[in-house]
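Data block below; observations after.
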Amino acid sequence: MIEIPDSEILPQSMEHNIWTWSAQSKVSPIPIKKAKGVYFWDVDGKRYLDFNSMVMCVNIGHGDERVIEAIVDQARELPFAGPGMATKPRAVLGSLLSEITPSGLTKFLYTLGGADANENAIKFARAYTGKSKILARYRSYHGATYGALALTGDPRRTAWEPVVMPGVVHFLDPYRYRSTFHRNREDVSEAEFCSDYLAHLEEIILFEGPKTIAAVMVEPVTGTNGVIIPPEGYLQGVRSLCDKYEILLIADEVMSGFGRTGEWFAVNHWNVIPDIMTMAKGLTSGYAPLGAVAMKPEIAATFNDRVFEGGLTYNGHPISLAAAIATIKVMQEDHIVEKAKETGKVMSDMLAELVDRHPSVGDARSIGLFGIVEIVKNRKTKEPMAPFGGSSNEMNAFKKYMLEHGVFVYTHWHTVLLIPPLIITPEQLAEGFMVLEKALEITDQAVKV
């Protein structure tokens, strides 16, 4: 590797790289040098509390030596094997995943990340059912490749239209704070709210024709588009509708999986077993690129005698699989899922206090260590602090303050996501919330009385 001083990391990176989700003339990346636990440091030695697990993936925290050693050991023994070969990591990971995934999901296809996991899930669903349409939600994000973008509902899809995968139909999310069906009703019960959104989905199914629909794809808990936690009975109701109309249920657990919500997978909160489930991010905690499609054996059996016309050069890459194996073992040994559930209760209480103290906080919600703050200009009208699909001076100033004071967060339009590593302690949470409280004073000043 070419040796360059720390002072050249940023300028050299700016010279030769294209930066995602950014206007290239306005990008300002942090020149990061090292990371450990819930913190990372830039080249000047400034420490940042990682309140976003980098990109919602470093669930076990940075720099865990057990995972690093597993990667090194695998690189020394067998750094690469072709996708058509059997390896020890393939044998071990399949067994481990079968133990922690919902019952009956025992077959796995490995990919490079969440987007291609979702695209391959669609291939399996269409092949198994012989049907073509996929129903997905508007406030969803399923990946940046063209097929995954077609599934995505938010403006990241419309920026690249026309997308190339036909047959995707979007429906509405059960978004309590901004409910389409209950705009003027604050008193609607949870049961009625749930029933109305299930009725909406069933109506879409009937309009489109059940015999044309291969699958319904949902993030069990919506990710960047709002950490939308479904009401009790909703996910069970979606499962029932899929069974009623012979449609597969695909759960995108790329962000919500591997302990993020206080369970191994978000579907476990509602005892729902999908037919297909996708995963990535926390699967290796970001230590190596890997995604996976889990499915019931009868779906995989579609290709027992028929060629599966699909593949990836790095399918089943030994180093990535070794990282996943080590990550799962760390989570089991350190009881990280259980800790996330308990620390999540602490974060939930902290979020509730933000609503009490800051007029610009319209809503704050969380499940496990998966949280969000909605920042508004007016609580009564719920006018967001930034427009749908855009940003604002207030939100930019908010994020700048957080970074200047050593807390790394992800803002999405008018929301702030709080997705720290699952190993975070209550004391470290409090450290981040102290800065968050001060940053909210900026948005409080923009509130319209």
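Here is a yes/no grid of residues against (1) at pLDDT 95 or above; (2) part of a strand (DSSP E or B); (3) more than 21 Å from the chain's Cα centre (by Cα):
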residue	(1), (2), (3)
His269	yes, no, no
Ala294	yes, yes, no
Ala301	yes, no, yes
Tyr314	yes, no, yes
Leu321	yes, no, no
Ala324	yes, no, no
Val330	yes, no, no
Odd one out for Asn184 among (1) at pLDDT 95 or above; (2) part of a loop (DSSP other than H, G, I, E, B): (1)
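Could you check, for region 170-178, whether at least one of its residues is part of a loop (DSSP other than H, G, I, E, B), modelled with pLDDT of 95 or more, exposed (fewer than 15 other Cβ atoms within 10 Å of the Cβ) and assigned by TED's automatic domain parsing to the domain that holds Asp116?
Scanning region 170-178, I find at least one residue that is part of a loop (DSSP other than H, G, I, E, B), modelled with pLDDT of 95 or more, exposed (fewer than 15 other Cβ atoms within 10 Å of the Cβ) and assigned by TED's automatic domain parsing to the domain that holds Asp116, so the answer is yes.
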Pair list, Cβ under 9 Å, 6 or more apart: region 429-443 residue under 16 Å from Val38 (Cα atoms), other residue polar (S, T, N, Q): Leu429/Thr343
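Conditions tested, residue by residue: (1) within 23 Å of Leu248 (Cα to Cα); (2) touching a residue at least 60 places away in the same chain (Cβ under 8 Å).
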| position | (1), (2) |
| --- | --- |
| Ala136 | yes, yes |
| Thr152 | yes, no |
| Trp160 | no, no |
| Met165 | yes, no |
| Phe181 | no, no |
| Glu186 | no, no |
| Ser189 | no, no |
| Asp196 | yes, no |
Tally of residues being among the hydroxyl-bearing types (Ser, Thr, Tyr) and surrounded by 15 or more Cβ atoms within 10 Å (Cβ to Cβ) across region 153-169: 0
Selected residue (criterion: nearest to Ile4 (Cα to Cα)) from residues of region 29-47 that are out of contact with any helix residue (DSSP H, G or I) (no Cβ under 9 Å at 6 or more places or on another chain) and not in a strand (DSSP E or B): Gly45
Test result for Ile375, under 29 Å from Gly104 (Cβ atoms), in contact with a His (Cβ under 8 Å, 6 or more places away or on another chain), in contact (Cβ under 8 Å) with a residue 40 or more places away in the chain and of a type in the set (A, V, I, L, M): no
Boolean, Thr212 is over 23 Å from Phe370 (Cβ atoms) and among the polar types (S, T, N, Q): yes
Selected residue (criterion: farthest from Ser179 (Cα to Cα)) from residues of region 220-264 that are touching a Pro at 6+ places or on another chain (Cβ under 6 Å) and of a type in the set (Phe, Trp, Tyr): Tyr245
Close pairs (6 angstrom Cβ cut-off, 6 or more residues apart or separate chains): buried (at least 24 other Cβ atoms within 10 Å of the Cβ) in region 271-293, acidic (Asp, Glu) and part of a strand (DSSP E or B) anywhere: Thr278/Asp252
Qualifying residue in region 107-121 (condition: part of a loop (DSSP other than H, G, I, E, B) and touching a strand residue (DSSP E or B) at 6+ places or on another chain (Cβ under 9 Å)): yes
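Applying the selection to region 8-38, what residues are within 15 Å of Gly286 (Cα to Cα) and either over 24 Å from the mean Cα position of the chain (by Cα) or of a type outside the set (A, V, I, L, M) (or both)?
Within region 8-38, Lys34, Lys36, Gly37 qualify.
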Pick from region 221-266, criterion part of a helix (DSSP H, G or I) and touching a helix residue (DSSP H, G or I) at 6+ places or on another chain (Cβ under 7 Å), ranking: surrounded by the fewest Cβ atoms within 10 Å (Cβ to Cβ): Gln236
Residue under evaluation Gly153, criteria (1) part of a helix (DSSP H, G or I); (2) touching a Phe, Trp or Tyr at 6+ places or on another chain (Cβ under 6 Å), criterion not met: (1)
Residue match in region 51-66 (condition: outside any strand (DSSP E or B) and more than 30 Å from Leu109 (Cα to Cα)): yes
Matching residues, region 188-222, being out of contact with any Ser or Thr (no Cβ under 7 Å at 6 or more places or on another chain) and under 24 Å from Trp264 (Cα atoms): Ala215, Val216, Met217, Val218
Single condition Ala386 does not satisfy, out of (1) in contact with a Ser or Thr (Cβ under 7 Å, 6 or more places away or on another chain); (2) farther than 30 Å from Gly63 by Cβ; (3) in contact (Cβ under 8 Å) with a residue 60 or more places away in the chain: (3)
Residue count for region 410-448, restricted to those that are surrounded by fewer than 20 Cβ atoms within 10 Å (Cβ to Cβ), small (Gly, Ala, Ser) and under 24 Å from Thr224 (Cβ atoms): 1
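The values are calculated or read from the model by the stated rules, or taken from the named source; none is laboratory data. Since this is a predicted model, take the numbers as computed values, not measurements. Note that we place each Cβ from the backbone using ideal geometry, even for glycine, and neighbour counts take in every protein chain shown.
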